[in-house]
1. Within region 126-155, track down each residue that is surrounded by fewer than 17 Cβ atoms within 10 Å (Cβ to Cβ), at pLDDT 85 or above and under 14 Å from GLU173 (Cβ atoms).
2. How many of the residues in region 101-125 are touching an Asp or Glu at 6+ places or on another chain (Cβ under 6 Å) and surrounded by fewer than 17 Cβ atoms within 10 Å (Cβ to Cβ)?
3. Given the conditions (1) modelled with pLDDT of 90 or more; (2) β-branched (Val, Ile, Thr); (3) not in a strand (DSSP E or B), which single one is not true for ILE211?
4. Taking only region 195-204 into account, find how many residues are over 24 Å from the mean Cα position of the chain (by Cα), closer than 17 Å to SER260 by Cβ and not charged (D, E, K, R).
5. Give me the residue from region 159-199 that is of a type in the set (Ser, Thr, Tyr) and in a strand (DSSP E or B) and, out of that set, surrounded by the most Cβ atoms within 10 Å (Cβ to Cβ).
6. Please work out if GLN80 is under 24 Å from LYS53 (Cβ atoms), at pLDDT 95 or above and surrounded by fewer than 18 Cβ atoms within 10 Å (Cβ to Cβ).
7. Is it fair to say GLU158 is outside the structural domain of GLU75 (by the TED database) and at pLDDT 80 or above?
Amino acid sequence: MKKFFLMLLAAFVVLMVNPSTSKAKVIYDGVEIVKGQTGKLTFSKDVKVYKKKANGQFESMLVKKGNYFRVYNIEKYNKQTYYWMSSGYRVQASDLTVFKAIPFEQRVKFYQNPAYMWINRDKPFYSFYNESDSLATHAHSYYTYLNKWGNFIFEQGELVNTYDMSFVGGGIEKRTIDPTDIQLIEPQVVNKDILFIVTKDTVQHIKPYLINNNDYYQRLARPLPTGTVLKSAGFKIGNYYAVTFNSESDLYSTFFVPESYVVEKAN
């Protein structure tokens, strides 16, 4: 009896020291799913898949029919779809691939405050806006940070983007979104009280990504000359700080600046 009690005590200590081991697994479609996963992929027959190594060479792996792989990212461009599987393997969608998307509502539950990033290069994301008292849209390209362009809700199993136009006398505008066009990222939290100083001439980045001069908003971006003071918007995506001008603080005025272009302003 004493030995049994000691075993229970040891198990309790392990769970307290490493509480993550006590978290229940999340099961979807008969398999465990994890944070960052977009879907699951199987193949209708045996196929070879490839990944590119750091030295530029390709490594292949034979995948047996019916074997299951997690998909962590999806690429859509030139009318083609590519799945990034676990272990770095990438495969083009074809009649040999069987992809099943995880419901977006389930994907979101893995995150505390996710950033919604647009990843479809073939089709832009259209945001609502009001100009000259008529409702219109702006097109946003790859890797646009969508959180500032309305809310995302679930209606009858579908992902819906909503935008409140009441500030100009309108109502709630809605548009259904393909969930596989959105990648979820957990932003790094940054103190909102921090001020940054620009150390090298640049411009506003409308997205935490390389400058795209073909993007409507990028063409209208304000220059950021050396010495410009910026205020933290409270988060960071990759190597890009989310910031506003020191006199602005609302989400809609948020833009991004490369980490290497700024330093924290001394108190």
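The values are calculated or read from the model by the stated rules, or taken from the named source; none is laboratory data. Being a predicted model, the structure only gives us computed values, none of them experimental. Neighbour counts are summed over all protein chains in view; Cβ atoms, including those assigned to glycine, are modelled from backbone coordinates with ideal geometry.
1. First, pick out the residues of region 126-155 that are surrounded by fewer than 17 Cβ atoms within 10 Å (Cβ to Cβ): 126, 129-139, 151, 153-155.
Filter once more, keeping what is at pLDDT 85 or above: 151, 153-155.
Across region 126-155, the qualifying residues are ASN151, ILE153, GLU155.
2. 1
3. (1)
4. Matching residues across region 195-204 total 5.
5. TYR163
6. The answer is yes for GLN80.
7. Here the answer is yes, as GLU158 does meet what is asked.
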